[in-house]
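Structure, as structure tokens:
The values are calculated or read from the model by the stated rules, or taken from the named source; none is laboratory data. Since the structure is predicted, the reported quantities are computational estimates derived from the model, not experimental observations. Heads up, the Cβs are rebuilt from the backbone with ideal geometry, glycines too, and the neighbour counts pull from every protein chain shown. Only protein heavy atoms, including side chains, enter the accessible area calculation; ligands, DNA and RNA are left aside. Shrake-Rupley method; radii C 1.70, N 1.55, O 1.52, S 1.80 Å.
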Amino acid sequence: MCGIVGYIGNKKAAPILLAGLSKLEYRGYDSAGLAIIENEKIVVEKDKGRVKNLYNIKAIEELNGTIGIAHTRWATHGVPSKENAHPHIDNSGNFAVVHNGIIENYSELRTFLEANDYKFISATDTEVIPNLIHYFYTKDIKEDEYRLLRAVKSTADKLIGSFAIEVISKNEPNNMIVVRKDSPLVIGKGYGESYIASDIPAILSYTKDFYLLENLEFVLLDRDKIRFFDNDLKEFEKKPTTITWNAMAADKNGYEDYMLKEIYEQPRAIRETIGTRIEDNACKFDELNFSKEYLSNIKQIYIVACGTAMHAGITAKNAIENLCKIHTEVEVASEFRYTNQLIDENTLCIFISQSGETADTIAALKLSKMKKAKTIAITNVIGSSITREADYSLYTHAGPEIAVASTKAYTSQITLLILLAIYFAEVLNSESEDILQKLIKELCSLPNKVEKVLEEADKVKEIAKKLYKEKDIFYIGRGIDYATAQEASLKLKEISYIHSESYAAGELKHGPIALIEKGINEIGIITDESLVKKSISNMEEIITREALTTLVVSDDIVPNIDTNQFTNVIIVPSTEVFVSPIITIVPLQLLAYYISKEKGLDVDKPRNLAKSVTVE
Ligand code: M6R
């Protein structure tokens, strides 16, 4: 869950590395550093804290070297400190390495190296890597252009776990070696220069042509060439992929924070996700093209994901079961792996991951494949690890999501899942044409409805001003609104650090109501007409106990209820129940955002969190 950047070319490397790191800070931000080859020596500068600290290091400004590697860290082994920050160098000072991932067998490797007189300065798992490279490099007697490559390959052979690594060496000052296994790494191709990064947005302003590295592909770079080698070190040709996002998509573009920008991008993201998947009032998925016979063999569906992506799954479960008549379970990926799920070749497992790199989700996918289930990955990142594992991959087209708190990815994931449910129902002929047509029409109207909600942002901001000092906030809802409550509560806690819980409204009286007392704040969501009466009574039970209530309600319900009894009311446009969370979540994302701002917190980089969770 760290970010790495590299540059090899003719420009000064330091500014490029720092700019790249700043864009990757969402992956981790407890320490940062860089190593540059300067006058045939390796210069390492690093510090605890954010990337901006590196901008204040005078020595970095003075570096003219044109080959370098850099890292922003999310600590796993060893506390955030200067010693534990990357890059790490070997004992001889000849090899520098940055690493994203976890070396699971690092303590055995460390013992081995210590027995060979290597000393360690840091508490990291990474420090074994440069020392192993030194070990193999010095043992190699062939002095040809592949010597460093061979040393990195021998090192990679010893590593158990996940890694994306960049290596530079004083001995080969015009080269860089990179390799990945289960941690992301891309190479951007320029003219006489190459850019390396954990993800595309970090280097999107320099190039649109990217090589998306597969596991255990080794790359030997010099200024003019990018050469690819397989795990037997046989050279092969690789084709670049051209990315159509523009650099602005990965910038703040005038917004104060990425999260706010991404909230406002939702209408566009939903439109793009629908894209060409609706044609002649029907859903089509060219990537799938399933036959009726194929789908009829599916007896159950599992949706597996983490965090917000899992909430998207919970939201879509109802639609899938109702439209397709297939029993559907939603599981947290980290639990799915350790419970003996009854899945087989008649099970379809859908894995959702914005980043496509979440370790738990990918591990669950691999497990399902072993059990012969059919697998679909839903992700936002082209070429991400999950797409290489799944039988089928569907992209959400939400554009890069940088803020740690997921917003547009969530609404795009629900959009895609609903499209998928409609598509399955069409193929299976399991739902009436009328209902499917209505839903398609509603899906297409969502972007405009979300725009309407965004126009009311100032009202939400006012409510945030009343709530930001709270210690606890509860969210309740029934049915589909409970699904939204869960996501709203996660959003609030992760960026405002306010304790928050979500409950199915009917469950309150089975325990949680004991927490309700005078002055406690509770947010209720009501968008399902069929549940209005019951939901209102649950809110009244809270009001009776002198709690303060904020009601999020769809406009068609307003005439049937007395809104005066609530402390705050947020009215959203009504829609079909299955897709209502796409609208209802928006004011609640804004509420979490404005509460975090009122508290003066770093909205985009909440404490202890990283965007891409590549550790289990
Ligand atoms: O990249 P993924 O969608 O697999 O990430 C899953 C979760 O880590 C993620 O949704 C997390 O819960 C977000 N920070 C929530 O805003």
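Charge tally for Ala316 (other residues, Cβ to Cβ under 14 Å; Lys, Arg +1; Asp, Glu -1): -4.
Take each uninterrupted DSSP H stretch in the chain, measure its Cα extent along the helix axis, and return the ones at 27 Å or beyond whose mean Kyte-Doolittle hydropathy is at least 1.0.
Details: long enough: 408-428 (30 Å, 1.39); 433-455 (34 Å, -0.16); 580-598 (28 Å, 0.86).
Qualifying helices, which must be both long enough and hydrophobic enough, are 408-428.
Put the Cα centre of the range 435-462 next to the Cα centre of the range 1-58 and the gap is 42 Å. Does the range 266-367 classify as rounded, prolate or oblate by the C-alpha gyration tensor (a ≥ b ≥ c root eigenvalues; a/c under 1.5 gives rounded; else a/b over b/c gives prolate, otherwise oblate)? Since a/c reaches 1.5 but b/c is at least a/b, the shape of the range 266-367 is classed as oblate.
With R₀ fixed at 56 Å, the C-beta to C-beta distance from His499 to Glu145 puts the FRET efficiency at about 0.45.
What dipole magnitude, in Debye to the nearest 20, does the chain give about its Cα centre under +1 on Lys/Arg Cβ and -1 on Asp/Glu Cβ? It comes to approximately 820 debye.
Given charges of +1 on the Cβ of Lys and Arg and -1 on the Cβ of Asp and Glu, with all other atoms neutral, how large is the dipole of the range 44-93 about its Cα centre, in debye to the nearest 20? Let's see the in-between values first.
Values: 7 positive and 6 negative charges, 55 e Å.
My answer is approximately 260 debye.
Residues whose amide H falls under 5 Å from that of Leu185, counting only those 5 or more places apart or on a different chain, are Leu213, with hydrogens built in the peptide plane.
What number comes out for accessible area per residue over the chain if the probe is 1.4 Å? Units Å², please. Before the final figure, lay out the partial values.
Values: 23680 Å² over 616 residues.
Per residue, the chain has an accessible area of 38 Å².
Judged by the mean number of other Cβ atoms found within 10 Å, the most tightly packed of the peptides 313-325, 587-599, 230-242, 274-286 leads the ranking 587-599, 313-325, 274-286, 230-242.
Just the number, please: carbon plus sulfur as a percent of the accessible area of the range 49-181, 1.4 Å probe, no ligands or DNA/RNA counted. Its accessible area is 51 percent carbon and sulfur atoms. Ordered from highest to lowest accessible area with the whole protein assembly present and a 1.4 Å probe, Arg27, Arg147 read as Arg147, Arg27.
With an 8 Å cut-off on Cα pairs and a minimum separation of 6 or more residues, tell me the relative contact order of the chain in percent.
Numbers: 1366 pairs, mean separation 72.0, N = 616.
Computed over the chain, the figure is 12 percent.
The alpha-carbon of Lys465 sits under 18 angstrom from the alpha-carbons of these lysines, leaving out residues fewer than 8 places away in its chain: Lys491, Lys493, Lys597, Lys599. With both labels modelled 7 Å from their Cα along Cα-to-Cβ, the Glu114 to Asn297 distance reads 5.4 nm.
Each stretch of four or more DSSP H residues adds -39500 (n - 2.57); spread over every residue of the chain, this sum gives -11000 deg cm²/dmol at 222 nm.
Give me the extension gain from Asn215 to Ile160: residue separation times 0.36 nm, minus the current Cα-Cα distance, reported in nm with one decimal.
Working: separation 55, 0.36 × 55 = 19.80 nm, distance 1.31 nm.
Extending this stretch completely gives an extra 18.5 nm.
In this simple spin-label model, placing a label point 7 Å from the Cα along the Cα-to-Cβ direction at both Asp391 and Tyr255 gives a separation of 3.7 nm. Normalised by 2.2 N^0.38 Å, where N is the number of residues, the alpha-carbon radius of gyration of the range 456-602 equals 0.94. Fully extending the segment from Glu541 to Asn289 would add 85.7 nm, taking 0.36 nm per residue of separation and subtracting the current Cα-Cα distance.
Distance from the C-alpha centroid of the range 166-208 to that of the range 539-603: 46 Å, rounded to the whole angstrom. Share of carbon and sulfur in the accessible area of the range 190-335 stands at 46%, probe radius 1.4 Å.
Find the all-direction average of the projected area of the Cα convex hull for the chain, expressing the result in square nanometres with one decimal place. List each step's numbers first, then the result.
Values: hull surface 112.9 nm².
With every direction weighted equally, the projected area is 28.2 nm².
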